[in-house]
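The values are calculated or read from the model by the stated rules, or taken from the named source; none is laboratory data. What you see is a predicted model, and the numbers here were worked out from it, not measured in a lab. Cβ placement follows ideal geometry from the backbone for every residue including glycine, while neighbour counts extend to all protein chains displayed.
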Amino acid sequence: MEYLPLIFFGVVLLMLLAGFPVAFTLGGVSLIFGLATFGLNFFNLLPMRIWGIMNNYILLAVPLFIYMGVMFEKSGLAEELLETMALLFGKLRGGMAISVLIVGALLAAATGIVGATVVTMGVLTLPTMLKKGYSPEVATGIISASGTLGQIIPPSIVLVLLGSVLNISVGELFIGAVIPGFLLVMLYLTWLILIAIVKPKLAPAMPKEDLLKFKNSNKTKKVITAFIAPFFLIAAVLGSIFAGVASPTEAAAVGALGAAILTIIRGKFTKVILNDVMISTMKLTSMTFMILIGASAFGLVFRGMGGDVVLTNLILNNNIEPHHFLLIVMMLIFVAGFFIDFIEIVFIIVPVVAPIFVHLNIDLLWIGILIAVNLQTSFLTPPFGFALFFLKGVAPKEVTTKHIYKGVIPYVVIQLIGLTLLIMYPEIVLWLPKYFGR
């Protein structure tokens, strides 16, 4: 049946939207359709795919980056960085929001884990911002948006997974993501400055007594202490990749060790902390790899049915231009982000469309960054944006879901503006990788 692959794809999506667990939906539906298509030979094919995942050296970076992020969070450096930045920018209108943005970008480069960043900043800054007179929408919007920068700013788990699925260099994806990540930070900053100018009451400056107290303390020492550790970790990880000294997997190991050393130096490294970090790493890694195994089964069955050929012929027979196909895929990923998680999108939609991009001779590095930026909206878009759930879970009672939803809408629009710029000007993505010798 020519349309059997599309029926298979539709059944998987319907099961996911019905709320069934992702890994078992992918694996279970694939098993049923695989047996119907290949018969018992399917059981000879699937173990080979799973063994390929187990032997994938690149994917070893996933647990190492997760460990690095969780350990960095436990070190207490994020709290110190937030407090120092808030006071450093405190005399400016919207200064505390700007400090949240900068710290969010730094934590993204130091951890790559969205949930940890949003929760940390939500706990530490949201009550203070509300107390200092910030509107709930402004406060929750910038915390949610800056927390999701870990999706695009390297080292990002999303980029590691995309590199594996698209079969392109993770190191090149990391390099290509630097300028787009910086662009999004600048767009966010522009919006905050605009709010501070047009509606200063929504984002006031810090009280004079707080600033005076900070000024009378050893300000220089506090700033240096707060910044030196995160920069050490970022330089160790990204510097080793950009310099060509280490692969992303090796750099992830350096980052894991660096985060542990920083925690030891700060006197926070205990048996209890280590146990918590190891358990969190194990849970997050297991979840990711169970989904990956299910997605591998899905890809095996879909391609075995000739699904990639059906889709390619569908595109070619209808004379769809490459840029039109790109627009359709971007819209599909954006809409899918309303309902399903980024990992599901990476493992379900991307393997289906990647062969078509190859056939259309479109640069997969550029496509990978476009998808990563687009996927960032899956954490922000109501009603199922995970960053919104993370923040709501730690927000004070007076902050409602409506406040959070209204707060993130401008940043979803900004995301789309940033994505449009990257589509219109591919060199924003491709210039730095070419500079480093791609």
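Checking segment 152-170 against the condition returns no match, with no residue being at pLDDT below 80, part of a helix (DSSP H, G or I) and in contact with a Ser or Thr (Cβ under 7 Å, 6 or more places away or on another chain).
Residues in segment 48-68 that are at pLDDT 75 or above and touching a Pro at 6+ places or on another chain (Cβ under 9 Å): 3 in all. Reported count of residues in segment 248-274, each being closer than 21 Å to Ile157 by Cα and either modelled with pLDDT of 80 or more or touching an Asp or Glu at 6+ places or on another chain (Cβ under 8 Å) (or both), is 12. Scanning segment 401-418 for residues being at pLDDT below 90 and β-branched (Val, Ile, Thr) gives a total of 2.
One residue is enough: does segment 358-365 have a residue meeting the conditions without any contact (Cβ under 8 Å) to a residue 60 or more places away in the chain, surrounded by fewer than 21 Cβ atoms within 10 Å (Cβ to Cβ) and in a helix (DSSP H, G or I)?
There is at least one residue in segment 358-365 that is without any contact (Cβ under 8 Å) to a residue 60 or more places away in the chain, surrounded by fewer than 21 Cβ atoms within 10 Å (Cβ to Cβ) and in a helix (DSSP H, G or I).
Taken over segment 229-285, the criterion of being part of a helix (DSSP H, G or I), closer than 14 Å to Met71 by Cα and small (Gly, Ala, Ser) is satisfied by Ala229, Ala252, Ala253, Gly255, Ala256, Gly258, Ala259, Ala260, Ser280. If only residues of segment 1-31 that are surrounded by 14 or more Cβ atoms within 10 Å (Cβ to Cβ) and more than 29 Å from the chain's Cα centre (by Cα) are counted, the one that is modelled with the lowest pLDDT is Pro5. Count of segment 154-191 residues, restricted to those that are small (Gly, Ala, Ser) and under 30 Å from Arg93 (Cβ atoms), is 1.
Checking segment 180-201 against the condition returns no match, with no residue being of a type in the set (Val, Ile, Thr), surrounded by fewer than 17 Cβ atoms within 10 Å (Cβ to Cβ) and modelled with pLDDT under 80. Answer yes or no: is there a residue in segment 216-223 that is modelled with pLDDT under 80, within 28 Å of the chain's Cα centre (by Cα) and part of a helix (DSSP H, G or I). The answer is yes, given that some residue of segment 216-223 is modelled with pLDDT under 80, within 28 Å of the chain's Cα centre (by Cα) and part of a helix (DSSP H, G or I). Somewhere in segment 290-308, is a residue of a type in the set (D, E, K, R) and over 23 Å from the mean Cα position of the chain (by Cα)? Looking for residues that are of a type in the set (D, E, K, R) and over 23 Å from the mean Cα position of the chain (by Cα), one finds at least one in segment 290-308, hence yes.
Can you pull out the residues in segment 388-400 that are modelled with pLDDT of 75 or more and crowded, with 21+ Cβ neighbours inside 10 Å? Within segment 388-400, Leu388, Leu391, Ala395, Val399 qualify. Exactly one residue out of Leu45, Leu107, Leu87 is within 23 Å of the chain's Cα centre (by Cα), at pLDDT below 80 and not polar (S, T, N, Q), and it is Leu107. Criterion first (of a type in the set (Val, Ile, Thr), part of a helix (DSSP H, G or I) and modelled with pLDDT of 80 or more) does Ile291 satisfy it? Spelling it out, it is not the case that Ile291 is of a type in the set (Val, Ile, Thr), part of a helix (DSSP H, G or I) and modelled with pLDDT of 80 or more. Taken over segment 395-429, the criterion of being farther than 22 Å from Val185 by Cβ and without any contact (Cβ under 8 Å) to a residue 24 or more places away in the chain is satisfied by Lys397, Thr401, Lys402, Tyr405. The residues of segment 276-287 that are surrounded by 20 or more Cβ atoms within 10 Å (Cβ to Cβ) and β-branched (Val, Ile, Thr), listed by number, are Val277, Thr281. Of the numbered criteria (1) surrounded by fewer than 19 Cβ atoms within 10 Å (Cβ to Cβ); (2) assigned to a helix (DSSP H, G or I); (3) at pLDDT 80 or above, the one Leu126 fails is (1). Scanning segment 324-373 for residues that are under 18 Å from the mean Cα position of the chain (by Cα) and closer than 13 Å to Ile423 by Cα turns up Met330, Leu365, Trp366, Ile367, Gly368, Ile369, Leu370, Ile371, Ala372, Val373.
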